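Novice: My questions will all concern the structure given below.
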Amino acid sequence: MLFAVRMDVDLPLDLDAQFRDELLATEKAYSQKLQRAGKWVHLWRVVGEYSNLSVFDVADNGELHELLWNLPLFKYMKVTVTPLAQHPSAVAG
Ligand SMILES: O=C(O)C[C@H]1C=CC(=O)O1
């Protein structure tokens, strides 16, 4: 099942710099592991915003919830999930 996911990041300005750097490094490693596993199939930056638009390919709602819940940045993000279905006019996919 495919899901479009928008993540809007809002890190507190007073977050300890070392904690912030470690958090971002952990998030990067986590996201790259899921990308290599074929679960996180697109990761795009939204121009001009600390946000991304992503596409996940997972078995079901429960798997997506688990992957998102475990994002190291989860508590600092607003996450918006949109389930996707095949478009009848799409020539690919
Ligand atoms: O920067 C972001 O958009 C948030 C998050 C998503 C992947 C990653 O490495 O960080």
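Novice: Of all the C-alpha pairs in the chain, what % are more than 19 Å from each other?
Specialist: Across the chain, Cα pairs with separations above 19 Å total 43 percent.
Novice: Between helix 17-36 and the chain, what is the angle of the helix's C-alpha long axis to the longest principal axis, kept within 0 to 90° and rounded to the nearest 10?
Specialist: Roughly 20 degrees between the two axes.
Novice: Multiply the residue separation of D60 and D8 by 0.36 nm, subtract the distance between their alpha-carbon atoms, and state the gained length in nm to one decimal.
Specialist: 16.4 nm
Where a number appears in this text, it was derived from the coordinates with a stated rule and is not lab data. Computed from a predicted model, the values in this text were never measured in an experiment.
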